[in-house]
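Peer 1: Below is one structure. I have some questions about it.
A short reminder: the numbers here are calculations on the coordinates, not readings from a lab. Nothing here was measured: the structure is a model prediction, and the numbers come from that model.
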Amino acid sequence: MKYFATIIAAIFALTAYAQEYNVGEGSQTARMTIVPYATAAEAEAANGAVVQNKYVRTMTQWTQTQEQNVTIHMSQFAFPFAWLNRLVLIHIDPVGAAYEVYLNGELVGSVTNGYAPSEFNVTNDVQEDMNSVEIRVANAHWSQTLECFDNKIEPKQPSAYVLSQPVIRVRDITHNARIDATGKMANVEVGLVVKTEALNPKKARVHYELISRDTTVVEHGYRDVYLEQKGEDTVKFMARIPVKELWSADSPTLYKVNVKTQIEGRYAEYQSHSVGFRELSYKDNKLVINGENVGLKVGEIDAQTAQIDELKKLKKSGFNAVRVIAGVAPTSFYQMCDKVGLYVVVVAPINTSKSGTSRKIGGNPTNDIAWRTVYLDRTQSAYRTTRDYASVVAYQLAQKSANGINLYESYLLLKQLEKQRPIIYPDGGKEWNNDVIE
């Protein structure tokens, strides 16, 4: 009860502001990196990387111009015939500042969190042949109040690509594992989130196979799924694997989950995902992985530029974990940590240290309800874009941002989304929204 009393007291301590800060508009719900391919061989060969193919167009040629308070990055892509009757999405990696996206001169969306990847559904906006893309990055923006990082990412040339998925598609992937009563085997479950954007009911067949590191097919099959208009469901399958095959820093074993969708008898896309299964829980201030208590010895590394040899060297020197400041790291970084065997703590992109520690009006925005939506959006995006990596074992709400209603609610939100990993906030003054790890 005292937790909720604290929240209520904080709300009454606030005075409503005329401005309520927003998160932009037009972007899709955050998800893990999903890359579609036209064949199974291409999907497996890519090994999780974004490789240009029949259904992906990378944008590498950018021109840059300046206007007052805005840097404009311009590129283009061709719309191929193979994308007819399919979804078209623009994926933009973190650029380090708020921005707007224009397609063929028309605004299609905006984000105020430049520290997370974003996707925009432009299916109804693309045109045949060439399409022009503008990413207009703000040089000065109110969101910078939340971005007082010591190693702040300077806005840079965008990293972006366009992808096409079928109208009914595998949109995301989740997984978990549980050691059985024998202690020798683990039950693993994979969830494939299937979604349709169609305005009428759709059905599809989702094929799957689970392959061990020695290329043994552990499980395979298919599920038929029927979705109402713009509906979503999760296709689940289970398997049993030896406990010695579970992922940990000492034994970073990875499995392969291969997926293909079949619509009206035709195969629509292929995906391949590297997955590390591990049982994780947080009990009595202890992080428990595969039944063993794990202490985190966190090393420092630049997640933006880190190479696999650097991660191996860090691990060899005695560290078993790294912290991703502001939750910003390329997909390849998490994939390398999964492969090498390093635990990762992801930090939401919130640092308000320049606003001081006061909870009074005009003080730190953490206790200003006008910022609530922005805090929750940044917390949720950091979670949804990293949750499926085995290496990610904890989430941190913010850095040096005092404490108050917005981080209380961020903690409660993550506790709804995440039932296993601890949610920490060491800078919170030893309040209740910090799962201390001993």
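Peer 1: For the range 50-164, what is the relative contact order in percent, using Cα pairs closer than 8 Å and at least 6 residues apart in sequence? Please report the intermediate quantities before stating the final value.
Peer 2: Details: 239 pairs, mean separation 44.6, N = 115.
Relative contact order comes out at 39 percent.
Peer 1: Report relative contact order for the range 215-290 in percent, whole number only (criteria: Cα-Cα under 8 Å, sequence separation at least 6). Intermediate values should be presented prior to the final figure.
Peer 2: Numbers: 73 pairs, mean separation 16.3, N = 76.
21 percent.
Peer 1: Which value in Å does the Kirkwood hydrodynamic radius of the range 260-320 take, with 1/r averaged over all unlike C-alpha pairs and then inverted?
Peer 2: Values: mean 1/r = 0.0640 Å⁻¹.
Final number for the Kirkwood radius of the range 260-320 is 15.6 Å.
Peer 1: D for the range 287-438, whole µm²/s, Stokes-Einstein with Kirkwood Rh over alpha-carbon pairs at 37 °C and 0.692 mPa s: what number?
Peer 2: Details: Rh = 15.9 Å.
In µm²/s, the coefficient rounds to 206.
Peer 1: Volume per residue, Å³, of the convex hull around the alpha-carbon atoms of the range 210-346? Each step should come with its number before you reach the end.
Peer 2: Details: hull volume 23.7 nm³, N = 137.
Each residue corresponds to 173 Å³ of Cα convex hull volume.
Peer 1: Enter the per residue convex hull volume of the range 29-107, computed from alpha-carbon coordinates, in Å³ rounded to the nearest integer.
Peer 2: Values: hull volume 11.0 nm³, N = 79.
Roughly 139 Å³ of hull volume per residue.
Peer 1: Continuing with this model, one more query. Using the Kirkwood radius built from alpha carbon pairs, what does the Stokes-Einstein equation give as D for the range 175-215 at 25 °C and 0.890 mPa s, in µm² per second?
Peer 2: Numbers: Rh = 13.7 Å.
Estimated via Stokes-Einstein, D reaches 179 µm²/s.
Peer 1: Using only alpha carbon pairs under 8 Å that are at least six residues apart, calculate the relative contact order of the chain and give it in whole percent. Present the calculation step by step, with values, prior to reporting the outcome.
Peer 2: Details: 1012 pairs, mean separation 68.2, N = 438.
Computed over the chain, the figure is 16 percent.
Peer 1: Do the sum for the chain: with -39,500 (n - 2.57) for every DSSP H run of n ≥ 4, divided by all residues, what is the mean residue ellipticity at 222 nm, to the nearest 500 deg cm²/dmol?
Peer 2: Estimated from H runs of four or more residues: -4500 deg cm²/dmol.
Peer 1: Right, another one. Write down, largest first, the equivalent ellipsoid semi-axes of the range 168-275 in whole Å, where each equals the square root of 5 times an eigenvalue of the alpha-carbon gyration tensor.
Peer 2: Details: eigenvalues 175, 37, 25 Å².
Ellipsoid semi-axes (Å, largest first): 30, 14, 11.
Peer 1: A further question on this structure: Once you've got the Cα coordinates, tell me which of LYS195/LYS312; LYS184/LYS286; LYS316/LYS354; LYS256/LYS430; LYS286/LYS360; LYS256/LYS419 are over 29 Å apart. Walk me through the numbers on the way to the answer.
Peer 2: Numbers: LYS195/LYS312 38 Å; LYS184/LYS286 22 Å; LYS316/LYS354 37 Å; LYS256/LYS430 41 Å; LYS286/LYS360 35 Å; LYS256/LYS419 24 Å.
Table pairs above 29 Å Cα-Cα are LYS195/LYS312; LYS316/LYS354; LYS256/LYS430; LYS286/LYS360.
Peer 1: Still on this structure: For the range 36-99 and the range 205-261, compute the distance between their C-alpha centroids and round to whole Å.
Peer 2: Cα centres, the range 36-99 to the range 205-261: 27 Å.
Peer 1: Please check: in the Gaussian network model of the chain (C-alpha springs, under 10 Å), which one of ASN351, ASN200, ASN47 has the largest mean-square fluctuation.
Peer 2: ASN200
Peer 1: Would you compute the Debye intensity of the range 117-158 from its alpha-carbon atoms alone, equal scatterers and no solvent, and pass along log10 I(q)/I(0) at q = 0.14, 0.18, 0.23, 0.33 Å⁻¹ to two decimals?
Peer 2: Evaluating at q = 0.14, 0.18, 0.23, 0.33 Å⁻¹ gives log10 I(q)/I(0) of -0.55, -0.76, -0.98, -1.31.
Peer 1: Here's another thing I want to ask about it. Over what distance in Å are the Cα centres of the range 153-200 and the range 405-429 separated?
Peer 2: 23 Å
Peer 1: Moving to a separate point now. Looking at the chain only, what percent of DSSP beta bridges run antiparallel? Nearest 5 please. Each step should come with its number before you reach the end.
Peer 2: Values: 100 of 114 bridges.
Given both bridge residues lie in the chain, the antiparallel proportion sits at roughly 90 percent.
Peer 1: Return the Rg/Rh ratio of the chain with Cα-based radii and a Kirkwood Rh.
Peer 2: 0.96
Peer 1: Could I get the Rg over Rh figure for the range 50-164? Both from C-alpha atoms, Rh via Kirkwood, rounded to two places. Don't skip to the end; give the middle numbers.
Peer 2: Working: Rg = 14.4 Å, Rh = 14.7 Å.
Rounded to two decimals, Rg over Rh is 0.98.
Peer 1: Which value results when the Cα radius of gyration for the range 109-227 is divided by 2.2 N^0.38 Å?
Peer 2: Numbers: Rg = 21.2 Å, N = 119, 2.2 N^0.38 = 13.5 Å.
Scaled against compact globular proteins, the figure is 1.57.
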